[in-house]
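To keep things clear, I will list the structure first and then write my remarks on it.
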Amino acid sequence: MKTFALTALLAGFLTLGLAACDQNDGPLEQAGEAADEAVNDVQRAAEDAAD
């Protein structure tokens, strides 16, 4: 029973850890995503202009 309790506790911690990974990106993460989008937009515009 002690092993089951420890396994359940570990599984709970892992689940919470994974759930918390992608919540509320910080300002630097948001700025990086915005920069990535801008680069992608420029690349698409250049491809469209070349066609």
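Coordinate-derived values only; no laboratory data. For clarity, every value in this text was computed on a predicted model and none was experimentally measured. Note that we place each Cβ from the backbone using ideal geometry, even for glycine, and neighbour counts take in every protein chain shown.
For the reader, a short list of remarks on this structure follows.
- Contour excess over end-to-end distance, with Cα ends at residue 15 and residue 41 and 0.36 nm allotted per residue: 5.8 nm
- Taking label points 7 Å from Cα along the Cα-to-Cβ direction, residue 31 and residue 8 give a separation of 4.6 nm.
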